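Participant: Just passing along the structure, written as structure tokens.
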Amino acid sequence: MFLHDIGIIPVGDKTQTPNSSGPKITNLTRRGFVVGSSLFVVGVALAGCSRYEEPKIDPDSLDLPAAGPSPLTNVKGGDATPALWIAIEEDGTVKITCHRSEMGQQVWTSMAQIVADELEADWDNVEIVQAIGHERYGDQNTDGSRSVRYNFHRLRLAGAAMKQMLVEAAAIYWKMDPSECEATLGKVGNSQNSDTLSYGNLAKIAAKLQVPEEAKVTLKDPKDWRYINKEIASLTVPKITRGEGTFGIDVDIPDMVYAVIARPPQLFGKTGAVRDEKALAVPGVMRTVKLPDASPPALFKALGGVAVIGSDTWAAIQGRNALEINWVDGPNAGYDSETFAEQMIQTAKRSGTVRRKRGDVAAGLSNASKRVEAEYYAPHLSQSPMEPPAATARWDGDKLECWACVQDPQATRQALSDLLEIDKENITVNATWLGGAFGRKSKPDFVVEAALIAKEVDRPVKVTWTREDEVRHGYYHSVSAQRLEAGLDEDGKCTSYLHRTVFPPIASTFSPGMDVPTDGEMGLGATDVPFNMPNLQVESGNAKGHLRIGWLRSVSNIYHAFAVQSFAAELAHVAGRDQKDYLLELIGDARTLDPGTEGATYPNYDASIEEYPIETARLSNVVNIASEMAKWGRTMPSGHGLGIAVHRSFLSYIATVVEVAVSPEGALTIPGIWLAVDAGTVINPRHTRAQMEGGTIYGLSNALFGEITAKNGAVVQDNFPSWRALRMGEAPRAFEVQIVKSNSAPAGVGEPATPPAAPALANAIFNATGHRIRKLPIIGASGSRLSLPAKETA
Amino acid sequence: MATTLNINGKDETVEAAAGTPLLWVLRDHLKMTGTKFGCGIAQCGACTVHVDDTPTRACITPHDSLAGSKITTIEGVAGGAADAIRSTWIKNDVPQCGYCQSGQIMAATALLEENSNPSDDDIDAAMSGNICRCATYMSIRRAIKEAAKEL
């Protein structure tokens, strides 16, 4: 269903009654019209009222040139046809369709800024329409920090094309040349007189005009941007402060019932005997529904178990507590994360598969005057958005409609179609607001659950995941073991570098038995290492998945940046050099890199390496800026230390300096953080700063406290605080962000602040205490202070 | 079991099982979804409401223990402190995803009603029960201080 089908876009709207008594202007010559118009103005002035009254235009009274199909359906980024993105109502309201999911990154605001700027819309008239999941919008997977990058060009084009059509509409009405007309803030004026026509008045005419081809659309010069790169206030925040707005968990539809699900503790565990008498005796519990057992591959399938249906969520929760279920072990019953960690560390000690190679690392290492080796371990993590997964489904025997907090409504629709065997045309997926997501909500298993239950109970149903469900049954950030080796020459310069990384790949969730780290994951901080030594080798080691492995904010960059940037500081220490200076030396001269020239298969975040090369000058620049902001090198009080890390991810360059203060008892506080980011063209500096703060704290929270472990195949943690998140009192008191001014193509901002946070923190702890952190988490869920490893002796 | 609750100055009669937490009565029975579910065990603060002006976790408070109490939720919180908090929240774009922010605003409003000039330590003490995974903590701290100046 396109927007004009539901009456939002006035394409071909014939419902307007022609104003037969109005002036017929179609037969006027241009000269005649202008003269008449001037006389009219004079006449009114003589009558003592010079106020211009905009005429109400009847589009049917105009002879409009014939229009063919839109030539903008396949431009860079996809379809830029204005009608797909913009609907202008008669009252001047500009409705902009946002096809990406709003989860706090302010994508409603940023998408609207791009369209409204080129459209010359009045910001006060802008409203957002959240798109359903549909291929016509192109990629809707709100993931990978790419909403702006993927859509910047085509949304500018859509706005600019719409503006040109509005200008053309005014020119037709005025019998002028479009070059004599100009759009400003929702109105078109002209160079001949002071008349204006508002967008709301022109929209119906504009909608009938030919969409211009790309070469004939003029985009604004960036210096003329009105909203792009400006600190425009969020479109969602005012509602949030009043408790308004609908998150997935807030959806309410008539006749709805409420469900929670008891799932097998192990992935692919099975449901044995079920006794539900006590559950059914709980007031408000209506019935139970057994879900089909899950089998590999996990995909986005429901996990099985037993759903309890109640007249409210609490009844369903109480009913679930009263269920007696005999769970049957599945193929992951033997998974113990502690034993598995040891296996992975052993794998990392052995030669792996070479994924990038420069020079001869083995020879370089054996010829080195000093060798350094270190092993790093990082555990499974849970995304844990504050809103746990929740989905509502309605099945009418033919059509399925779902409302859910999903990052990818198209993948949701596809999963529902595949797993429930319903024709996609009969499925509608409505994306709500997302109460945080961090990758969890790109997996629509919870929507599949809701749909399965709705088909069974013949009533609309809302499935709510409790926090325990969210922590125990997630798609976890992968566990990893890494080994780094380096050779230094007699001057302490690094000549050889070997990085071996071992982790169960996300692909194990989609392909049973898949245990080889993929090129995509290797390209998140391992094969794209920007260091400049003659011998460099990156290897991977295999590891099987025993939980569902999935994306978490910045994905493999988290453990790779932790190891690589910690190791860089370890090398500086061995060489007797300053961390920051040594880091700049490792990065080396200004140049562009393509890991593909050294044997890597490097996806570069699905961007072309020509458009988005790895530019070492931008890395060095943010290192220098962040160091200056932090006053790097200043004398620190006892127990204080500064640490630095830099990382390119999602095509952005970020350097982070963390200051820690560690008491003699090991109590750790973070007095300050300084961050410099080069994300190319930034749509909204205010919201970019917020993402820098948020991404950094997310990384620090995980590094300090985050750990998911498993015993007998089941996740051990269940709720706050056994799964711990950083709180207000643990947040830094000072946090400064500097955004590098850049005209480069826009890059990501949602994720790239996370990777450098953990190594900057670990490096700061080292500088404060002399203790090197090589295993995460640093404190853990139950700790109150640093559990310091053996004193660094190197 | 019918219970009459005074919510945002209005009497509401609800039929819910004995012991049902206020959170689910608000959300599922009264369709007041501004108050959020985060953990169910009073660990995250997303469900914070005011009961007789005191910040209270609705997820562990049986609704039938509240007859005769004055319950205030995000939809109804008003007055000098609430107005100042809302205004500085908007001015600073404090929320990101916004899910925890009902609870944050209720906690911050209660703090300002008690203490019109909170220090960093006061803010930490009052707000550490409210988890924000988007990490709006620094913005919250700035906005509370600005709101205190507006009072």
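The values are calculated or read from the model by the stated rules, or taken from the named source; none is laboratory data. All values derive from a computational prediction rather than experimental measurement. Glycine gets a Cβ as well: all are built from the backbone with ideal geometry, and neighbour counts include every protein chain shown. Please note that ligands, DNA and RNA were not included when accessible areas were found on the heavy atoms of the full protein model with its side chains. Shrake-Rupley method; radii C 1.70, N 1.55, O 1.52, S 1.80 Å.
Participant: Residues of B:25-31, mean number of Cβ from any other protein chain within 10 Å of their own Cβ, rounded to a whole number? Could the numbers behind the result be given before it?
Facilitator: Details: counts 2, 0, 8, 13, 3, 0, 2.
For peptide B:25-31, the averaged partner shielding equals 4.
Participant: Which net charge results when you count Lys and Arg as +1 and Asp and Glu as -1 among the other residues whose beta-carbon is under 14 Å from that of A:G492?
Facilitator: Numbers: positive: A:K370, A:R371, A:K493, A:R577; negative: A:D489, A:E490, A:D491, A:E570, A:D578, A:D581, A:E585.
Once all neighbours under 14 Å are counted, the net charge is -3.
Participant: Give me the net charge for the shell around A:G77: Cβ to Cβ below 10 angstrom, other residues only, Lys and Arg +1, Asp and Glu -1.
Facilitator: Values: positive: A:K76, A:R149, A:R154, A:R156; negative: A:D79, A:D139.
Value of the local net charge: +2.
Participant: Something else now. Per residue in region A:77-105, which ones lose no less than 20 Å² of accessible surface when going from chain alone to all protein chains (1.4 Å probe)?
Facilitator: Residues meeting the cut-off: A:G104.
Participant: Taking the 0 to 90 degree range and rounding to the nearest ten, how far is the long axis of helix A:30-46 tilted relative to the main principal axis of chain A, both from C-alpha atoms?
Facilitator: Here the helix axis deviates by roughly 80 degrees.
Participant: Do the alpha carbons of any pairs in A:K163/A:K208; A:K290/A:K462; A:K95/B:K91; A:K441/A:K462 sit beyond 18 Å of each other, and which pairs? Display every interim value, and only then the final one.
Facilitator: On the way: A:K163/A:K208 14 Å; A:K290/A:K462 16 Å; A:K95/B:K91 24 Å; A:K441/A:K462 16 Å.
Among A:K163/A:K208; A:K290/A:K462; A:K95/B:K91; A:K441/A:K462, the Cα-Cα distance tops 18 Å for A:K95/B:K91.
Participant: With angles folded into 0 to 90 degrees, how steeply does helix A:337-349 sit against the dominant principal axis of chain A? Use alpha carbons for both and round to 10.
Facilitator: Computed tilt is about 80 degrees.
Participant: Find out how many positive minus negative residues lie around A:A590, taking Lys and Arg as positive, Asp and Glu as negative, among other residues whose Cβ is under 11 Å from that of A:A590.
Facilitator: Details: positive: A:R591, A:R618; negative: A:D589, A:E615.
Taking every Cβ under 11 Å from that of A:A590, the sum is 0.
Participant: Could I ask something else about it? Run through the DSSP bridge list for the protein assembly as shown and note the antiparallel percent, rounded to the nearest 5.
Facilitator: Working: 97 of 128 bridges.
Among the beta bridges of the protein assembly as shown, antiparallel pairing accounts for roughly 75 percent.
Participant: Then there's this: Which of the aspartates and glutamates could a cross-linker bridge to A:K711, judged by Cα under 18 Å and excluding same-chain residues fewer than eight apart?
Facilitator: Counting by Cα, and skipping residues close in sequence, A:K711 has these aspartates and glutamates nearby: A:D329, A:D336, A:E338, A:E342, A:E468, A:D469, A:E470.
Participant: Next up: Counting only the heavy atoms of the protein chains, how much of A:R459 is accessible to a 1.4 Å probe, in Å² to the nearest 10?
Facilitator: Rounded to the nearest 10, that gives 80 Å².
Participant: Put +1 on the Cβ of each Lys and Arg and -1 on the Cβ of each Asp and Glu in region B:2-72; which of B:C44, B:P55, B:T72 then has its Cα farthest toward the positive end of the dipole?
Facilitator: Sorting the options by dipole projection puts first B:C44.
Participant: In straight Cα distance, which aspartates and glutamates are under 15 Å from A:K187, not counting same-chain residues fewer than 8 positions off?
Facilitator: Candidates past the 8-residue exclusion: A:E53, A:E54, A:E89, A:E90, A:D91, A:D117, A:E118, A:E120, A:D122, A:D124, A:E168, A:D195.
Participant: Hey, another quick one. Considering the Cα positions of region B:2-72, please state its Rg to one decimal place and its Dmax as a whole number of Å.
Facilitator: For region B:2-72, the Cα radius of gyration and maximum Cα-Cα distance read 10.7, 29 Å.
Participant: Not counting ligands, DNA or RNA, and with a 1.4 Å probe, what is B:V77's accessible surface area in Å² rounded to the nearest 10?
Facilitator: 10
Participant: Give, ordered by residue number, each residue of region A:378-394 whose 1.4 Å probe accessible area is reduced by a minimum of 40 Å² on adding the remaining protein chains to the chain alone.
Facilitator: Residues meeting the cut-off: A:M386.
Participant: Working from the pairwise distances between different alpha carbons, so that the mean of 1/r is found and then inverted, what is region A:53-240's Kirkwood radius in Å?
Facilitator: Numbers: mean 1/r = 0.0593 Å⁻¹.
One decimal place: 16.9 Å for the Kirkwood radius.
Participant: Give the calculated FRET efficiency between A:A590 and A:E665 to the nearest 0.05, with a Förster radius of 35 Å applied to their Cβ-Cβ distance.
Facilitator: Working: r = 45 Å, r/R0 = 1.29.
After rounding, the FRET efficiency stands at 0.20.
Participant: Accessible area lost on pairing A with B, both sides, 1.4 Å probe, Å² to nearest 100?
Facilitator: On the way: alone 30870 and 7310 Å², together 33560 Å².
For A against B, buried area totals roughly 4600 Å².
Participant: Within 10 Å of each candidate Cβ there may be at most 12 other Cβ atoms; applying that plus a DSSP loop requirement, which trypsin sites (Lys or Arg not before Pro) in region A:724-769 survive?
Facilitator: When the trypsin sites (Lys or Arg not before Pro) of region A:724-769 are filtered for loop state and at most 12 Cβ neighbours within 10 Å, A:K741 remain.
Participant: Given +1 on the Cβ of Lys and Arg, -1 on the Cβ of Asp and Glu, and no further charges, what dipole in debye does region A:436-575 carry about its Cα centre, rounded to the nearest 20? Write down the numbers at each step before the final one.
Facilitator: On the way: 14 positive and 17 negative charges, 141 e Å.
The dipole of region A:436-575 has a size of about 680 debye.
Participant: Taking the Cα atoms of region A:409-512 alone, what are Rg (to one decimal) and Dmax (as a whole number) in Å?
Facilitator: When restricted to Cα atoms, region A:409-512 yields Rg and Dmax of 21.6, 76 Å.
Participant: So what's the angle, to the nearest 10 degrees on a 0 to 90 scale, between helix A:107-119 and the longest Cα principal axis of chain A?
Facilitator: Result, in degrees: 40.
Participant: Using only the C-alpha atoms of region A:525-674, find the volume of their convex hull and express it per residue in Å³.
Facilitator: Details: hull volume 23.9 nm³, N = 150.
Normalising the Cα hull of region A:525-674 by residue number yields 159 Å³.
Participant: Then there's this: Any chance you could check region A:660-697 for residues losing 50 Å² or more of accessible area when the partner protein chains are in, compared with the chain on its own (1.4 Å probe)?
Facilitator: For region A:660-697, once contacts with the other chains are taken into account, A:R686, A:E693 lose 50 Å² or more.
Participant: Something else about it: Please report, as a whole percent, how much of the solvent-accessible surface of the protein assembly as shown comes from carbon and sulfur atoms (probe radius 1.4 Å).
Facilitator: Values: 16660 of 33560 Å².
About 50 percent, which is the carbon plus sulfur part of the accessible surface.
Participant: Any idea which of A:L267, A:A762, A:I549 is furthest toward the positive side of the dipole for chain A, if Lys and Arg beta-carbons carry +1 and Asp and Glu beta-carbons -1?
Facilitator: The Cα lying farthest towards the positive end belongs to A:A762.
Participant: Continuing with the same structure: For region A:403-451 and region A:675-727, what is the separation of their C-alpha centers, rounded to whole Å?
Facilitator: Region A:403-451 and region A:675-727 have Cα centres separated by 24 Å.
Participant: Next question, about the same structure. Expressed as a whole number of Å, what is the distance separating the alpha-carbon centroids of region B:88-119 and region A:256-316?
Facilitator: Here the two parts' Cα centres lie 37 Å apart.
Participant: Could you give me the percent of Cα pairs per 20 Å distance bin for chain A, shortest bin first, beginning at zero and ending with the bin that holds the maximum distance?
Facilitator: 15, 42, 30, 11, 1
Participant: Provide the gained length on full extension for the span A:S351 to A:D519, in nm with one decimal, where the gain is 0.36 nm per separating residue minus the Cα-Cα distance.
Facilitator: Values: separation 168, 0.36 × 168 = 60.48 nm, distance 1.80 nm.
Gain on stretching A:S351 to A:D519: 58.7 nm.
Participant: Further, regarding this structure: Report the gain in length on full extension from A:D224 to A:N326: 0.36 nm times residue separation, minus Cα-Cα distance, nm rounded to one decimal.
Facilitator: Details: separation 102, 0.36 × 102 = 36.72 nm, distance 6.68 nm.
My answer for the length gained is 30.0 nm.
Participant: Same structure again: Tell me, what does the Kirkwood hydrodynamic radius of region A:49-101 come to in angstroms if you use every pair of distinct C-alpha atoms? Display every interim value, and only then the final one.
Facilitator: Details: mean 1/r = 0.0680 Å⁻¹.
About 14.7 Å for region A:49-101.
Participant: Let me ask something else about it. What size of dipole, in debye to the nearest 20, comes out for region A:53-240 about its Cα centre when the only charges are +1 on Lys and Arg C-beta atoms and -1 on Asp and Glu C-beta atoms?
Facilitator: Numbers: 20 positive and 29 negative charges, 145 e Å.
I would put it at about 700 debye.
Participant: Contact order normalised by length for chain B, with contacts defined as Cα pairs under 8 Å and 6 or more residues apart; what percent is it? Spell out each step's value before the answer.
Facilitator: Numbers: 264 pairs, mean separation 36.3, N = 151.
This gives 24 percent for chain B.
Participant: To continue, here is another question. Which lysines does A:K399 reach when only Cα atoms under 16 Å apart count, and residues fewer than 8 places away in its own chain are ignored?
Facilitator: Within the straight-line cut-off, A:K399 pairs with A:K424, A:K455.
Participant: On to the next question. Just name one of A:V715, A:H134, A:L303: the one whose Cα is farthest towards the positive end of the charge dipole of chain A (beta-carbon charges, Lys/Arg +1, Asp/Glu -1).
Facilitator: Ranked along the dipole, the leading option is A:V715.
Participant: Per the Kirkwood treatment, what hydrodynamic radius in Å, one decimal, follows for region B:80-150 from the mean inverse distance over all distinct Cα pairs?
Facilitator: Numbers: mean 1/r = 0.0862 Å⁻¹.
One decimal place: 11.6 Å for the Kirkwood radius.
Participant: Taking the mean number of other Cβ atoms within 10 Å as a proxy for protection, how do you rank A:760-766, A:503-509 from highest to lowest?
Facilitator: On the way: A:760-766: 28.4, A:503-509: 24.0.
Ranked by mean Cβ neighbours within 10 Å, highest first: A:760-766, A:503-509.
Participant: Right, another one. What does the accessible area per residue of the protein assembly as shown come to in Å², with a 1.4 Å probe and no ligands, DNA or RNA counted?
Facilitator: Values: 33560 Å² over 945 residues.
Result: 36 Å² of accessible area for each residue.
Participant: In debye, nearest 20: dipole of the protein assembly as shown around its Cα centre with unit charges on the Cβ of K, R (+) and D, E (-)? List each step's numbers first, then the result.
Facilitator: Details: 92 positive and 112 negative charges, 215 e Å.
With Lys and Arg at +1 and Asp and Glu at -1, about 1040 debye.
Participant: Express in whole angstrom the spacing between the alpha-carbon centres of region A:496-543 and region A:593-670.
Facilitator: So the two Cα centres are separated by 20 Å.
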